[in-house]
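Participant: Below you'll find the structure I mean.
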Amino acid sequence: MYKDPKMIKLLLYQVQCEVEPGDIEDVFDGKVISNMMKKYLEIDGVPQEYKYGKLDTDIFIAFTCNGVSIHKGLRAQQSKTQYLCFPLEVIILNLPPMVHTQNQYIFSLGVIPGPHKQKHLDSFCWPFYLECRCGIQGIRTYHMIMCSFFPLHFFVPHGFGNLIAVIKMKSTCGVSAKKPCHQCHVEGIRDKTGIRQKARTYYVPLTVPGETGNWHEKGILHNLRTHEDYLWMYYRLDTAKSEADWKKIWQETRINQASIWSLLPYFDMGQAIPGGYMHAVCINLMRALVTLWRGEFKGLDAGSGMYIIPLEMWEAIGEETLDSNHWIPAAFVRSLPNIFTDFANFTAEASAFWMMYITPHVLRG
Amino acid sequence: MLDLVEIMKTCTKFGITHKEHAQLSEDVYEWCLAYEEYYSQYKPEQLCTMMVALHELDHLPDDILNCGPPTALWEFVTERSMGEVVWSVTS
C-alpha cells in the first residue's frame with residue numbers, strides 16, 4: 001500500500017482532517033478508537049512507550065464477514081442443494097469515509113467453503129489473528145514518498161456484520177438464548193400463549209406485557225455489557241471444573257467459548273461490534289412494518305389498533321411506487337418494484353429509499 | 001409512526017452533530033415506545049411483534065457514539081462483495 005503515492009495521500013486523510021469536537025463524522029470520532037488512541041500500546045501484556053495511532057502511518061482496519069448462499073432462486077430449486085460459503089473481508093478505516101466502503105478498497109481474507117455453516121469461526125480467523133499480533137509489533141515496510149523503511153502497525157478495533165455474523169464473532173447465542181441481546185443484559189420473554197409452534201424464540205419488549213402495573217424498562221438500555229463482563233464470562237467457562245459445571249455456566253450466560261478477538265489487547269468486546277444497521281432497520285424492521293400494515297404479520301389481526309391498510313389502497317400505493325421510477329434519477333436508487341405484488345424483491349437499498357422518501361407521500365391518505 | 005423517516009435520515013448522514021445525536025436518541029426511544037403501543041399493545045398474544053431487530057434500534061444511538069455513523073460501518077460493503085463471490089462461481 002505504501003508503494004503507491006496516491007494511496008499514501010488517501011491514507012493520510014485521517015491525520016489531516018479536522019472535525020469539530022462533539023461531531024461524529026467518521027469511525028475515528030467514535031468512543032472506541034478515540035479511547036484507544038489515549039492508551040499505550042501493549043505487547044504480551046508489557047506496555048510500550050508509544051500510543052496507538054501515534055505514527056501517521058498506523059492503519060486501523062475493520063473486520064467483516066457474512067454467510068451467502070451460492071444458489072439462489074430458480075437455480076437453488078433445480079440443484080436442490082444449499083451451498084453456504086462465508087467470505088471474510090477487511091476494510092481500511094483510514095481512508096475517507098466516502099471511499100473506504102468502495103469495492104476496490106475492500107480486501108478479501110478468503111472464503112470459508114460450505115456446504116454448511118462453520119461451527120467455529122475463530123479457528124478460521126486464527127491466521128488473521130497471528131497477523132494482527134505482527135501488526136502490533138510492527139512490520140518493516142518501504143515508504144515510497146519518504147524513501148525509507150518504517151515499522152507499519154495495524155490494528156483491528158472494529159468488527160461488523162449482520163446478527164448471525166456478530167453472534168459468530170462473539171460466540172454468543174442468538175434469539176434462542178434467554179438474554180438475546182449481545183449488547184445489554186436484557187432478559188427476553190417467551191411467547192407462552194402456545195398459538196404459534198415456534199415458541200422457542202425470546203422477544204425483548206420494553207414493557208412486560210400482561211402484568212398489572214406495566215413498567216417501562218428504560219434502565220435496561222443503560223445496563224450494557226462491558227468488556228470486563230465478557231472476559232469474566234470467558235474466564236468462568238475456561239475454568240469450569242467439570243462438564244456439568246460448564247453446562248451450568250453455559251445455560252446462564254449462553255456463551256459457547258472464548259472469542260478470539262478478546263485476545264487482542266485493544267479490542268473492546270462490549271462496544272467494538274455494533275449491531276447491523278442495514279439488516280436490523282432496512283430489512284427486518286421494514287419487512288415487519290409492511291407486513292403489519294398489510295395485516296399478514298404472523299397471522300395477527302390488528303387487535304385494538306387501526307393500522308391495517310386495506311387492499312385497494314395497497315394496490316394504489318404499489319402502482320404509485322412503480323410509477324415513481326420514471327422520475328427518480330438512477331444515481332439515487334435502483335428501480336423500485338411494485339411494493340404490493342412484488343415485495344419479496346425489495347432489497348435493503350430499495351426499502352430504505354421507499355421508507356425515507358416515498359412513504360411520507362403515498363401514505364398520506 | 002413516520003418519525004422513523006427522520007431517524008433513518010439522520011442515520012444515513014455522513015456527519016452527525018452532537019445536537020442531532022441527542023435528538024436522535026430521544027426520537028428512537030419514543031418511536032420504540034410508540035411501536036410497542038400500536039403493535040404489541042402490551043398483550044402476550046402480540047408479543048411476536050417485538051423482535052430483536054427492534055431492540056437493536058434501541059441501541060442505535062449508543063452504537064453511533066461508539067463506532068461513528070452507520071454509513072461508515074455498514075453491511076452494504078459485505079453484501080456487495082458477497083455478490084461478487086456469487087457471480088464468480090461457475091461450473
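Participant: Which residue out of B:Q23, B:Q46, B:Q41 is surrounded by fewer than 20 Cβ atoms within 10 Å (Cβ to Cβ), at the interface with chain A (Cβ under 7 Å from one of its Cβ atoms) and under 28 Å from A:G188 (Cα atoms)?
Facilitator: B:Q41
Participant: Moving to a separate point now. For region A:80-88, state whether one or more residues are at pLDDT below 80 and at the interface with chain B (Cβ under 10 Å from one of its Cβ atoms).
Facilitator: Yes: one or more hits.
Participant: Could you check, for region A:35-43, whether at least one of its residues is more than 14 Å from chain B (Cβ to nearest Cβ), surrounded by 12 or more Cβ atoms within 10 Å (Cβ to Cβ) and more than 26 Å from A:M146 (Cβ to Cβ)?
Facilitator: Looking for residues that are more than 14 Å from chain B (Cβ to nearest Cβ), surrounded by 12 or more Cβ atoms within 10 Å (Cβ to Cβ) and more than 26 Å from A:M146 (Cβ to Cβ), one finds at least one in region A:35-43, hence yes.
Participant: Working only within region B:72-91, note down all residues that are closer than 20 Å to A:A165 by Cα and either in a helix (DSSP H, G or I) or more than 7 Å from chain A (Cβ to nearest Cβ) (or both).
Facilitator: Within region B:72-91, B:F76, B:V77, B:T78, B:E79, B:R80, B:S81, B:M82, B:G83, B:E84, B:V85, B:V86 meet the criteria.
Participant: Return yes or no: is A:H116 in a loop (DSSP other than H, G, I, E, B) and under 26 Å from A:L224 (Cβ atoms)?
Facilitator: It is false that A:H116 is in a loop (DSSP other than H, G, I, E, B) and under 26 Å from A:L224 (Cβ atoms).
Participant: Moving to a separate point now. Please find, within region A:152-169, the residue that is nearest to A:C65 (Cα to Cα) out of those that are assigned to a strand (DSSP E or B) and among the hydrophobic types (A, V, I, L, M, F, W, C).
Facilitator: Here the residue is A:F160.
Participant: Kindly check whether there is at least one residue in region A:291-306 that is more than 12 Å from chain B (Cβ to nearest Cβ) and either modelled with pLDDT under 85 or in a loop (DSSP other than H, G, I, E, B) (or both).
Facilitator: Scanning region A:291-306, I find at least one residue that is more than 12 Å from chain B (Cβ to nearest Cβ) and either modelled with pLDDT under 85 or in a loop (DSSP other than H, G, I, E, B) (or both), so the answer is yes.
Participant: Moving on. Among the candidates A:S123, A:S108, which residue alone is at pLDDT 80 or above, over 30 Å from A:E49 (Cβ atoms), surrounded by fewer than 13 Cβ atoms within 10 Å (Cβ to Cβ) and in contact with a strand residue (DSSP E or B) (Cβ under 6 Å, 6 or more places away or on another chain)?
Facilitator: Testing whether each residue is at pLDDT 80 or above, over 30 Å from A:E49 (Cβ atoms), surrounded by fewer than 13 Cβ atoms within 10 Å (Cβ to Cβ) and in contact with a strand residue (DSSP E or B) (Cβ under 6 Å, 6 or more places away or on another chain) leaves just A:S108.
Participant: Do we have A:I164 as out of contact with any strand residue (DSSP E or B) (no Cβ under 7 Å at 6 or more places or on another chain) and either at pLDDT below 85 or surrounded by fewer than 16 Cβ atoms within 10 Å (Cβ to Cβ) (or both) here?
Facilitator: yes
Participant: Here is a follow-up. Report yes if A:V281 is under 27 Å from B:R80 (Cα atoms), aliphatic (A, V, I, L, M) and facing chain B (nearest Cβ under 8 Å), otherwise no.
Facilitator: yes
Participant: Which one is farthest from A:H100 (Cα to Cα), of the residues in region B:46-71 that are part of a loop (DSSP other than H, G, I, E, B) and touching a Lys or Arg at 6+ places or on another chain (Cβ under 9 Å)?
Facilitator: Filtering region B:46-71 for residues that are part of a loop (DSSP other than H, G, I, E, B) and touching a Lys or Arg at 6+ places or on another chain (Cβ under 9 Å), the one farthest from A:H100 (Cα to Cα) comes out as B:P69.
Participant: Of the residues A:G318, A:G275, A:G270, A:G295, which single one is on the phi > 0 side of the Ramachandran plot and either surrounded by 15 or more Cβ atoms within 10 Å (Cβ to Cβ) or touching a strand residue (DSSP E or B) at 6+ places or on another chain (Cβ under 8 Å) (or both)?
Facilitator: Testing whether each residue is on the phi > 0 side of the Ramachandran plot and either surrounded by 15 or more Cβ atoms within 10 Å (Cβ to Cβ) or touching a strand residue (DSSP E or B) at 6+ places or on another chain (Cβ under 8 Å) (or both) leaves just A:G295.
Participant: May I ask you to list the residues in region A:119-151 that are under 27 Å from B:T78 (Cα atoms) and assigned to a loop (DSSP other than H, G, I, E, B)?
Facilitator: A:K119, A:H120
Participant: Let me ask another. Any residue at all in region A:135-158 that is within 11 Å of chain B (Cβ to nearest Cβ), at pLDDT 85 or above and buried (at least 17 other Cβ atoms within 10 Å of the Cβ)?
Facilitator: Yes, there is a match, as at least one residue in region A:135-158 is within 11 Å of chain B (Cβ to nearest Cβ), at pLDDT 85 or above and buried (at least 17 other Cβ atoms within 10 Å of the Cβ).
Participant: Considering only residues that are touching a helix residue (DSSP H, G or I) at 6+ places or on another chain (Cβ under 9 Å) and more than 7 Å from chain A (Cβ to nearest Cβ), look in region B:27-38 and name the one that is farthest from A:T101 (Cα to Cα).
Facilitator: Once the filter is applied, the top-ranked residue is B:A34.
Participant: Residues of region A:254-266 being in contact (Cβ under 8 Å) with a residue 40 or more places away in the chain and surrounded by fewer than 22 Cβ atoms within 10 Å (Cβ to Cβ), which ones?
Facilitator: Residues satisfying the conditions are A:R254, A:I255, A:N256, A:Q257, A:A258, A:I260, A:L263, A:L264, A:P265, A:Y266.
Participant: A further question follows. Would you point out the residue of region A:226-244, among those that are part of a loop (DSSP other than H, G, I, E, B) and without any contact (Cβ under 8 Å) to a residue 12 or more places away in the chain, that is surrounded by the most Cβ atoms within 10 Å (Cβ to Cβ)?
Facilitator: Across region A:226-244, the extreme among qualifying residues is A:A240.
Participant: Oh, and also: All but one of (1) of a type in the set (F, W, Y); (2) within 15 Å of the chain's Cα centre (by Cα); (3) within 7 Å of chain A (Cβ to nearest Cβ) hold for B:F14; which doesn't?
Facilitator: Among (1) of a type in the set (F, W, Y); (2) within 15 Å of the chain's Cα centre (by Cα); (3) within 7 Å of chain A (Cβ to nearest Cβ), B:F14 violates only (2).
Participant: Considering only residues that are in a loop (DSSP other than H, G, I, E, B) and free of Cβ contacts under 8 Å to residues at least 12 places away in the same chain, which ones fall in region A:343-365?
Facilitator: Within region A:343-365, A:R364, A:G365 meet the criteria.
The values are calculated or read from the model by the stated rules, or taken from the named source; none is laboratory data. None of the values given here were measured: they were computed from a predicted structure. Heads up, the Cβs are rebuilt from the backbone with ideal geometry, glycines too, and the neighbour counts pull from every protein chain shown.
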